[in-house]
1. Can you pull out every residue in the range 13-59 that is hydroxyl-bearing (Ser, Thr, Tyr), near the ligand (Cβ under 10 Å from one of its atoms) and under 20 Å from Pro184 (Cβ atoms)?
2. Of the conditions (1) free of Cβ contacts under 8 Å to residues at least 60 places away in the same chain; (2) within 22 Å of Ala40 (Cα to Cα); (3) open to solvent by 40 Å² or more (accessible area, probe 1.4 Å), Ser211 satisfies every one except a single condition; which number is it?
3. Could you figure out which of (1) in a strand (DSSP E or B); (2) closer than 19 Å to Thr48 by Cα isn't true of Ser139?
4. Among Ala137, Ala131, Ala127, which is the only one that is open to solvent by 30 Å² or more (accessible area, probe 1.4 Å), in contact with a strand residue (DSSP E or B) (Cβ under 8 Å, 6 or more places away or on another chain) and touching a residue at least 60 places away in the same chain (Cβ under 8 Å)?
Amino acid sequence: MSDHDPTSSASTPQHLAIIMDGNGRWARQRGLSRSEGHRAGADAVVRTIENCQKYKIKYLTLYAFSTENWKRPASEIAALMQLLGEFIDKQSPMLDKYRIRLKIIGEMERLPAATRQKLQEAIARSAHYDAGVLTVALSYGSRNEITGAVKALAQKVLDGQLKVADISEKTIHEHLQTADLPDPDLIIRSAGEQRLSNFLLWQASYAEFYSTTAFWPDFGDDEFAAAMAEYSRRQRRFGEVLS
Ligand code: FPP
């Protein structure tokens, strides 16, 4: 257990982003299929949303499917997409209860039509909620996102809507899919790896990074509390010297 006080908002992140890794290893350890690992991973997502409520974290961003994940076996991809649809069906009442807006970043147009439709319905239904934002990265890659922003800016210059001299960090931020979100304060990665894997590369510039060896399906209340306690001990300097 941790001694961190969940009500002291100064030391909790406003925006938490998570690289959910280790579903497959969790399943293999138990002689289960990879899809069963993802199913247990979806339960961990529900616990995490509940924990964000407890710690008053307004923005939660989850890396659920990367552009590279399309290389996985078709059967695993199909099971994941099916699971996402089921998750939306089952958890929409939770979004209503907590007044959480659902947002998707990534190439939504590449998702199967049935999954896309469920997501679009949930996005529309939650569009007016303002207590929290759950962003799910699907077919997402940060380099792909940045490439899109560069293309949009170049087009505006060509069309005479923007001067090259006016391109700034702010205009780049405004052309990313996360334009309406603050930068993440904390990025958690489960299952022991210590890399960003093409997740929020621009946005993560000053984020604290926290890695745990726990596989994602095992990421529960104690793991969450441990991450918050560690975050509250970090001194964030944003490149400055603090007195
Ligand atoms: C990484 O584990 C996990 C994924 C690629 C999928 C994440 C999906 C979920 C947690 C389930 C549903 C998501 C939502 C938002 C409801 P891995 O398969 O790469 O694990 P491994 O590295 O141990 O093989």
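1. Let us first name the residues in the range 13-59 that are hydroxyl-bearing (Ser, Thr, Tyr), namely 33, 35, 48, 55, 59.
Of the ones still in play, those that are also near the ligand (Cβ under 10 Å from one of its atoms) are 35, 48.
Result: Thr48, single match.
2. Evaluating Ser211 over (1) free of Cβ contacts under 8 Å to residues at least 60 places away in the same chain; (2) within 22 Å of Ala40 (Cα to Cα); (3) open to solvent by 40 Å² or more (accessible area, probe 1.4 Å) leaves (3) as the failure.
3. The number of the failed condition is (2).
4. Details: Ala137 fails: open to solvent by 30 Å² or more (accessible area, probe 1.4 Å); Ala127 fails: touching a residue at least 60 places away in the same chain (Cβ under 8 Å).
The match here is Ala131.
The values are calculated or read from the model by the stated rules, or taken from the named source; none is laboratory data. Just so you know, these numbers come straight off a predicted model, no measurement behind them. Because the Cβ atoms are built from the backbone with ideal geometry, glycine has one as well, and the counts that use them run over all protein chains shown. These area figures cover heavy atoms from the full protein model, side chains too; ligands, DNA and RNA do not enter into them. Shrake-Rupley method; radii C 1.70, N 1.55, O 1.52, S 1.80 Å.
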